[in-house]
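The values are calculated or read from the model by the stated rules, or taken from the named source; none is laboratory data. Computed from a predicted structure; not experimentally measured. Here the Cβ positions follow ideal geometry from the backbone for every residue, glycine too, while neighbour counts run over all protein chains shown. Keep in mind that these areas ignore ligands, DNA and RNA; they rest on the heavy atoms of the full protein, side chains included. Shrake-Rupley method; radii C 1.70, N 1.55, O 1.52, S 1.80 Å.
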Amino acid sequence: MKDLPAILGGDKVREKPFPRRITMGDEEKKAVQAVMDSDVLSAFFGSPGELFLGGPKIKEFENNWARDFGFKYAISVNSWTSGLMIALGSVGIEPGDEVICSSYTMSASASCCFFYGAIPVFADIDPKNYCIDPKSFEKLITPRTKAIIVVHLFGGPADMDAILAIAKKHGIKVIEDAAQAPGVKYKGKPIGCLGDIGGYSLNYHKHIHTGEGGMLATNDPEIAKIARAIRNHGENTIETESPENFVNYVGGNFRLTELQAAIGTEQLKKLNKYVATRQSLASRFTAGLNKIDGLNADQNDLENNAYYLYPFKYDSKVIGLSRNLFVKSVLAELPDPVDFEDTALAGGYLKPLYLNPIYQKQIAIGKKGFPFNFNEGVKYNYSKGICPVAESLYERELVLSPLIREPLELGDVDDILLAINKVISSADQIKKAFPEVNDDIVDYV
């Protein structure tokens, strides 16, 4: 039974569960207790004054982040979704503006546009790095295009030289979504503020976290001022601040707490170690996968990638199994996951965003089609086929491993590779047993 695939009743390659990720240590607990003892859990005031920018832990966290990453301004927020909204507001986005977005990413990287009445326009993906294809970006530019949101997906950077050159040529603002790529550099410069503004996620599932939260980054003092205003009821500060740019100064409560900032300060100290672990595991994955015909991980830049997830491409014609049957067969060889972070492989990532109902029906704010109907006479195309690379990755080609994180060791990766090799060597048996397998894709969430 040892050689029989587990999906057909054979023994698993591994029964022992993969080690769980433990994120909070004594350092975070002591930092939180110190804030608790102070009894000041949030020091923000939504009015002019010293505490408009937050309390001591907020300022310490922001200053350390800016110092460690190498840019001038860091602005903490209560989520990266809030950060994306603030980023758009801070670069002056208005109703009817078009914002070019990645078609293959988390929903907020495009739906953030709706909060300023802007319209997402979706670019296709570069198959080498899973980020926006500069050629697709340039083809989508119209007189209404005011910004692009560049997502550095899975932990690796987009082709920023090409994207920045196109944006400069057309006067387009560049927002970088580096939620999955903290600490990564592009040609020696930190991503996140190569453009006008960018930022990072501090959600629980990210490399380091504060439960929920985010951090904006910019080198532009005026953009930083507006971002801070939007974060914290900026309409109350207009008379005091006398901003040069009065647009989008209406704010909300998008503030991080002193408790979260205390946690984040300690988490930040661990980031380099965590990324180094992921790079080591990725190197092992790549060495093993590239020995197998039909699997391709060559596009991974091992030394300049934070590896939020580990991606590789799958060729069903070479392997002889559909991508999703392959994934199911490999999972059968390994311990049942407790949650997604313990899942060895997944296929597809997320459905291209334009295929979701909000774009298919073109109803976002209210019942009348705003903002899609704002520009009179302009029809927006969100039909299947507009981003063929993204659709192919989702439906057939892309496989991801979330098991690219501490405290995994190289031996854990070796077990996943053993399971993959076992399934591929048994492909004919598996295909005969499952000639009409249900190939539904389960999106990553």
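Put a dot 7 Å past each Cα toward the Cβ at K368 and K169; how far apart are the dots in nm?
In this crude spin-label approximation the distance works out to 3.9 nm.
Whole Å is fine, so just give me how far the alpha carbon centre of the range 127-185 lies from that of the range 1-21.
Comparing the Cα centres of the range 127-185 and the range 1-21, I get a distance of 41 Å.
What does the charge dipole of the range 251-307 about its Cα centre add up to, to the nearest 20 debye, if the Cβ of each Lys and Arg holds +1 and the Cβ of each Asp and Glu holds -1?
Details: 7 positive and 6 negative charges, 47 e Å.
Dipole size: approximately 220 debye.
Using only DSSP helix segments of four residues or longer, with each worth -39500 (n - 2.57), what per-residue ellipticity at 222 nm results for the chain after dividing by its residue count and rounding to 500? Provide the component values of the computation, followed by the final result.
Numbers: 16 runs with 150 residues, N = 445.
After summing the helix terms and dividing by the residues of the chain, the value is -9500 deg cm²/dmol.
Against the longest principal axis of the chain, how steep is helix 271-289, in degrees 0 to 90 to the nearest 10, with axes from Cα atoms?
Between helix and principal axis, roughly 30 degrees.
Could you check the spin-label model distance between N290 and K384? Points 7 Å from the Cα along Cα→Cβ, value in nm.
In this crude label model, N290 to K384 measures out at 3.6 nm.
For the full complex of protein chains and a 1.4 angstrom probe, list K139, K269 by accessible area with the highest value first.
Details: K139 175, K269 140 Å².
The ordering from most to least exposed comes out as K139, K269.
Using 1/(1 + (r/R0)^6) with R0 = 35 angstrom and r between the beta carbons of E50 and K273, what's the FRET efficiency to the nearest 0.05?
It comes out at approximately 0.50.
Which of the aspartates and glutamates could a cross-linker span from K185 if the Cα-Cα distance has to be under 18 Å and same-chain partners fewer than 8 positions apart are dropped?
Partners within reach: D68, D159, D161, E176, D177, D196, D301, E303.
Identify, among G213, F154, I100, the residue whose Cα sits farthest towards the positive end of the charge dipole of the chain, taking +1 on the Cβ of Lys and Arg and -1 on the Cβ of Asp and Glu, with the dipole about the Cα centre.
I100
Which links in K168/K269; K169/K367; K173/K206 stretch past 28 Å when you go from one Cα to the other?
Details: K168/K269 35 Å; K169/K367 37 Å; K173/K206 26 Å.
Violating the 28 Å limit, Cα to Cα: K168/K269; K169/K367.
On full extension of the chain, what length is gained from L41 through R144, given 0.36 nm per residue of separation minus the C-alpha to C-alpha distance? Walk me through the numbers on the way to the answer.
On the way: separation 103, 0.36 × 103 = 37.08 nm, distance 4.33 nm.
Roughly 32.8 nm would be gained on extension.
Across 10 Å bins from the origin, how do the percents of Cα pairs in the chain run, short distances first?
4, 20, 28, 25, 15, 6, 1, 0
So how strong a dipole does the chain carry about its Cα centre when Lys and Arg Cβ are +1 and Asp and Glu Cβ are -1, to the nearest 20 debye?
Numbers: 49 positive and 57 negative charges, 116 e Å.
Once rounded to the nearest 20, the dipole reads 560 debye.
Run the numbers on the chain and let me know its relative contact order in percent, using alpha-carbon pairs under 8 Å that are six or more apart.
Details: 902 pairs, mean separation 90.9, N = 445.
Across the chain, relative contact order equals 20 percent.
Starting from the 7 Å offset along Cα-to-Cβ, what nm value, one decimal, do you get for the label separation of D428 and D414?
Result: 3.0 nm between the two label points.
Quick one: angle between helix 56-69 and the longest Cα principal axis of the chain, in degrees between 0 and 90, rounded to 10, please.
It works out to around 60 degrees.
Give the calculated FRET efficiency between E94 and D298 to the nearest 0.05, with a Förster radius of 41 Å applied to their Cβ-Cβ distance.
Values: r = 43 Å, r/R0 = 1.04.
Calculated transfer efficiency: 0.45.
How tilted is helix 26-38 with respect to the longest principal axis of the chain? Cα atoms for both, answer in degrees (0 to 90, nearest 10).
Once rounded, one gets 30 degrees.
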